[in-house]
1. Can you report the number of residues in the range 56-95 which are hydrophobic (A, V, I, L, M, F, W, C), over 21 Å from Tyr133 (Cβ atoms) and either in contact with a Cys (Cβ under 8 Å, 6 or more places away or on another chain) or surrounded by fewer than 16 Cβ atoms within 10 Å (Cβ to Cβ) (or both)?
2. Within the range 17-58, track down each residue that is small (Gly, Ala, Ser) and without any contact (Cβ under 8 Å) to a residue 60 or more places away in the chain.
3. Suppose we keep only residues that are surrounded by fewer than 16 Cβ atoms within 10 Å (Cβ to Cβ) and of a type in the set (Gly, Ala, Ser) within the range 23-55. Which one would you say is nearest to the chain's Cα centre (by Cα)?
4. Check the range 94-116 and report whether any residue there is modelled with pLDDT under 95 and not aromatic (Phe, Trp, Tyr).
5. Which residue pairs have Cβ atoms under 9 Å apart, sit 6 or more places apart or on different chains, and have a first residue in the range 128-144 that is among the small types (Gly, Ala, Ser) and a second that is buried (at least 16 other Cβ atoms within 10 Å of the Cβ) and not in a strand (DSSP E or B)?
6. Can you spot a residue in the range 104-123 that is of a type in the set (Val, Ile, Thr), closer than 13 Å to Val75 by Cβ, touching a Phe, Trp or Tyr at 6+ places or on another chain (Cβ under 7 Å) and surrounded by 15 or more Cβ atoms within 10 Å (Cβ to Cβ)?
7. Looking only at the range 3-20, which residues are among the charged types (D, E, K, R) and either buried (at least 16 other Cβ atoms within 10 Å of the Cβ) or part of a loop (DSSP other than H, G, I, E, B) (or both)?
8. Considering the range 21-66 alone, what residues qualify as being of a type in the set (A, V, I, L, M) and in a loop (DSSP other than H, G, I, E, B)?
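The values are calculated or read from the model by the stated rules, or taken from the named source; none is laboratory data. On a predicted model such as this, the values are computed, not experimentally measured, just so you know. For neighbour counting, all protein chains shown are included, and Cβ atoms are generated from backbone atoms with ideal geometry for every residue, glycine included.
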Amino acid sequence: MNISMLTTSRRIHFDAAHRVIGHENKCRNLHGHRFVLEVSFTASEVDSVGRIIDFGVVKEILGAWIEENWDHNVVLARADMNLGEKISAITHQNIFYLEVNPTAENLAEYLMNEVCPKLFAGLNVVCTKIKLYETPNCFVEVSK
């Protein structure tokens with residue numbers, strides 16, 4: 001079967017807080033979102049069942065990573081460590097730090113370039129697209 005145009009996608013929802021250092025409006029303040037992630041995969045061939053990857057496997061692998069690291073958590077830039085330490089001292093919550101501002105664009109690129117290649121290594125699939133909704137009306141896309 002020629003699967004050059006075939007992709008498998010899974011949607012994952014999570015809640016997280018962030019703030020964008022240097023933002024000119026309200027997003028410079030700590031605030032939260034109900035993020036919706038759509039992640040897409042392709043492969044050179046389908047498996048013996050006829051799938052690129054089982055939807056449940058995507059949820060199990062990437063969903064677990066999201067739940068452990070971002071869901072109901074605070075995502076901050078490393079430059080915002082002072083704020084993160086204060087939040088952690090009060091709430092005893094772990095803070096997830098990115099090297100860059102935690103914009104939707106940077107979160108999507110982090111998933112595409114850092115997280116998915118490690119999590120799905122050895123499964124003969126490639127993450128080809130990340131679509132991350134910050135709100136129902138605003139989203140970013142990164143693709144290979």
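1. Number satisfying all stated conditions: 4.
2. As a first pass, look at the range 17-58 and keep what is small (Gly, Ala, Ser): 17, 22, 32, 40, 43-44, 48, 50, 56.
Passing the criteria: Ala17, Gly32, Ser48, Gly50, Gly56.
3. Gly32
4. Of all residues in the range 94-116, those modelled with pLDDT under 95 come to 94.
Restricting the remaining residues to those that are not aromatic (Phe, Trp, Tyr) gives 94.
Scanning the range 94-116, I find at least one residue that is modelled with pLDDT under 95 and not aromatic (Phe, Trp, Tyr), so the answer is yes.
5. Sorted first by the residue in the range 128-144, then by its partner, the pairs are Ser143/Met112.
6. From the range 104-123, those of a type in the set (Val, Ile, Thr) are 115; that's our starting set.
Those left that are additionally closer than 13 Å to Val75 by Cβ: 115.
Now restrict to residues that are touching a Phe, Trp or Tyr at 6+ places or on another chain (Cβ under 7 Å): 115.
Within this subset, residues satisfying the condition of being surrounded by 15 or more Cβ atoms within 10 Å (Cβ to Cβ) are 115.
Yes; the residues of the range 104-123 include at least one that is of a type in the set (Val, Ile, Thr), closer than 13 Å to Val75 by Cβ, touching a Phe, Trp or Tyr at 6+ places or on another chain (Cβ under 7 Å) and surrounded by 15 or more Cβ atoms within 10 Å (Cβ to Cβ).
7. Step one: of the range 3-20, the residues among the charged types (D, E, K, R) are 10-11, 15, 19.
Matches in the range 3-20: Arg10, Arg19.
8. First, pick out the residues of the range 21-66 that are of a type in the set (A, V, I, L, M): 21, 30, 36-37, 39, 43, 46, 49, 52-53, 57-58, 61-62, 64, 66.
Of everything in the range 21-66, those that are of a type in the set (A, V, I, L, M) and in a loop (DSSP other than H, G, I, E, B) turn out to be Ile21, Leu30, Ala43, Val46, Val49, Ile52, Ile53.
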